[in-house]
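The values are calculated or read from the model by the stated rules, or taken from the named source; none is laboratory data. Remember, it's a predicted structure, so these values are computed and weren't measured experimentally. Cβ sites come from the backbone with ideal geometry, for glycine too, and all protein chains shown count toward neighbours. Just so you know, the surface numbers come from the protein's heavy atoms only, side chains and all, with ligands and any DNA or RNA stripped out. Shrake-Rupley method; radii C 1.70, N 1.55, O 1.52, S 1.80 Å.
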Amino acid sequence: MKTVNLLSQHLSRMAFPASRGWLRAVIVPNQIGVYMLLRHGKPFYVGRSDQCVLARLLNHEKLAHANHFIWHRCHTRETAYHTEAFWYDQLAPSGLLVNKMHPAKPDGHLDGCPFCAIQPEHVAHILPNWDEKIPGKEEPEILVPSA
């Protein structure tokens, strides 16, 4: 039986069951990219691979704790770093992530995280209520297919 691998930017933004079979079915080997592991529809780990997302996830120590995964293909290590850093900086304040350290820069990358430089005092005059929850507006929920 011939194996068919799918690669689609649309598929890379969907949540798939966190199993080795699904990983192999939707992620082409040797792709640089980022991933998010979900448990009960909530993200609990974000990461990246600067060489092969598939290999990283197949050997990931947290995969057994995940119900679903999301991944995104990146064309460069720098884009993967920036995407992972953005996801991390957006999700870390929620307390849901088990990664407690900010993503490391790729080898040879000298610039710091562009998202960590944004401090409340820098945007307070533009968006005075930027860090307050809007009454009646719920946080977006990640929808995952039911089994």
Q. Within the stretch 23-53, can you find the residues that are surrounded by fewer than 24 Cβ atoms within 10 Å (Cβ to Cβ) and in contact with a Leu (Cβ under 6 Å, 6 or more places away or on another chain)?
A. Leu23, Val26, Val28, Pro29, Lys42, Pro43, Phe44, Tyr45
Q. Of these, Ala85, Ala80, Ala92, which one is surrounded by 14 or more Cβ atoms within 10 Å (Cβ to Cβ), in contact with a strand residue (DSSP E or B) (Cβ under 7 Å, 6 or more places away or on another chain) and outside any loop (DSSP other than H, G, I, E, B)?
A. Ala80
Q) part of a helix (DSSP H, G or I), of a type in the set (Phe, Trp, Tyr), touching a strand residue (DSSP E or B) at 6+ places or on another chain (Cβ under 9 Å) and in contact (Cβ under 8 Å) with a residue 12 or more places away in the chain - does that describe any residue in the stretch 58-72? A) no
Q) Restricted to the stretch 1-32, and to residues that are more than 18 Å from Cys74 (Cα to Cα) and of a type in the set (Ser, Thr, Tyr), which residue is modelled with the lowest pLDDT? A) Thr3
Q.
Quick check on Val98: is it among the hydrophobic types (A, V, I, L, M, F, W, C), out of contact with any helix residue (DSSP H, G or I) (no Cβ under 6 Å at 6 or more places or on another chain), open to solvent by less than 80 Å² (accessible area, probe 1.4 Å) and modelled with pLDDT of 90 or more?
A. yes
